[in-house]
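To start, the structure under review is shown below, and the notes come after it.
The values are calculated or read from the model by the stated rules, or taken from the named source; none is laboratory data. Owing to the predicted nature of the structure, the values given are computational and were not obtained by experimental measurement. Note that we place each Cβ from the backbone using ideal geometry, even for glycine, and neighbour counts take in every protein chain shown. Side chains included, ligands, DNA and RNA excluded: accessible areas come from the protein's heavy atoms. Shrake-Rupley method; radii C 1.70, N 1.55, O 1.52, S 1.80 Å.
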Amino acid sequence: AKHLPPSLAHPFGTDALGRDLLLRCVYGLRVSLLVGLVAAAVAAVLGLAIGGLAGAFGGAVDRVVMRVVEVFTSVPHLLMGVFIVAMFRPGVWPVVLSVGLTHWVSTARIVRAEILSLRSRPYVDAAVSGGASRWRVVTRHLVPGVLPQAGLAAVLMVPHAVWHESALSFLGLGIPAHRASLGSMINDGRGSLLTGEWWPTLFPGLFIVVTTLAIAGLAGLWRERLNPRRRSELML
């Protein structure tokens, strides 16, 4: 049953080994979402810690942290990800580590900017005037105030992490070939394009696009809940 086009028996067709592409897309999406969710969580925690450190302490600490952020920003994510993955055997967790260590910069910038804004609020000044320690101000007032924005940044990072995993797998550096992922499926099916077999690459690509649009829609709803004024303007 190799290279069968889409039909009622196989809605997405079959690949070069006769495997049903619909089932492989479902399993590949599971792996890609696992990588995206865990990598986004790792990046969000790193970004929250580093951005919170810069925003809460300010001064020399802020300057040093932001120089480190600029260094990471200057290096392309994919290039750094390839370097990290190349140090390990192919697998899920090296890809998670690669994506998590290269995508915390945007979250750190958002958290730092939000904390700098919160530091000027009256309730923070009242807590400092009342004798609250810096640690208490950070843990009781600043960090809870930035968690919604950090969570939104993490959600927006999931589709980016899925695309990053797909790119690494497409290059043969991500998920091993025997384990289905959307990127490795596109890599396996690209040779079939020369013989007119379009379905092994089309359907995994559509899964990536639909997943990205779905998560972006959820993030848009979250953004509207965080900013009710913007939602009321859109309704008008």
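May I ask you to list the residues in the range 164-173 that are part of a helix (DSSP H, G or I) and surrounded by fewer than 20 Cβ atoms within 10 Å (Cβ to Cβ)?
Listed by number, the residues that qualify are Ala167, Phe170.
Would you be able to say whether some residue in the range 56-64 is in contact with a Gly (Cβ under 9 Å, 6 or more places away or on another chain) and farther than 24 Å from Leu156 by Cβ?
yes
Within the range 88-119, take every residue that is part of a loop (DSSP other than H, G, I, E, B) and under 20 Å from Met66 (Cα atoms) and give me the one that is modelled with the highest pLDDT.
Trp104
Can you tell me how many residues within the range 3-35 are open to solvent by less than 50 Å² (accessible area, probe 1.4 Å), assigned to a helix (DSSP H, G or I) and in contact with a Ser or Thr (Cβ under 9 Å, 6 or more places away or on another chain)?
Total satisfying the criteria: 6.
Which of the residues belonging to the range 45-69 are closer than 17 Å to Leu116 by Cβ and within 20 Å of the chain's Cα centre (by Cα)?
Listed by number, the residues that qualify are Gly47, Leu48, Ala49, Ile50, Gly51, Gly52, Val69.
Take Met80 and decide whether it is over 17 Å from Gly151 (Cα atoms), assigned to a helix (DSSP H, G or I) and at pLDDT 85 or above.
So Met80 does not fit the description; no.
Please indicate, with yes or no, whether at least one residue in the range 120-136 is under 22 Å from Val42 (Cα atoms), modelled with pLDDT under 80, among the hydrophobic types (A, V, I, L, M, F, W, C) and surrounded by 15 or more Cβ atoms within 10 Å (Cβ to Cβ).
no
Does Pro176 meet the test of being in contact (Cβ under 8 Å) with a residue 12 or more places away in the chain and surrounded by 20 or more Cβ atoms within 10 Å (Cβ to Cβ)?
In short, no.
For the range 192-201, name all the residues that are open to solvent by 70 Å² or more (accessible area, probe 1.4 Å) and within 12 Å of Pro5 (Cα to Cα).
Within the range 192-201, just Trp198 meets the criteria.
Among all residue pairs at least 6 apart or on different chains, which show Cβ distances below 9 Å where the first residue, located in the range 1-22, is hydroxyl-bearing (Ser, Thr, Tyr) and at pLDDT 85 or above and the second is open to solvent by 50 Å² or more (accessible area, probe 1.4 Å) and assigned to a loop (DSSP other than H, G, I, E, B)?
Final answer for the pair search is Thr14/Ala1; Thr14/Lys2; Thr14/His3; Thr14/Leu4; Thr14/Pro5.
I'm trying to understand the selection: among the residues of the range 128-163, which are among the hydrophobic types (A, V, I, L, M, F, W, C), assigned to a helix (DSSP H, G or I) and more than 28 Å from Thr212 (Cα to Cα)?
Val128, Trp135, Val137, Val138, Leu142, Val143 - these are the residues of the range 128-163 that are among the hydrophobic types (A, V, I, L, M, F, W, C), assigned to a helix (DSSP H, G or I) and more than 28 Å from Thr212 (Cα to Cα).
Quick check on Leu182: is it more than 17 Å from Leu29 (Cβ to Cβ) and touching a residue at least 60 places away in the same chain (Cβ under 8 Å)?
The answer is no for Leu182.
Report the residue count in the range 66-93 for those that are open to solvent by less than 20 Å² (accessible area, probe 1.4 Å) and without any contact (Cβ under 8 Å) to a residue 60 or more places away in the chain.
Here the count works out to 2.
Looking at (1) in contact with a helix residue (DSSP H, G or I) (Cβ under 8 Å, 6 or more places away or on another chain); (2) over 30 Å from Val35 (Cα atoms); (3) surrounded by fewer than 18 Cβ atoms within 10 Å (Cβ to Cβ), which one does His141 not meet, given that it meets all the others?
The single condition His141 does not satisfy is (3).
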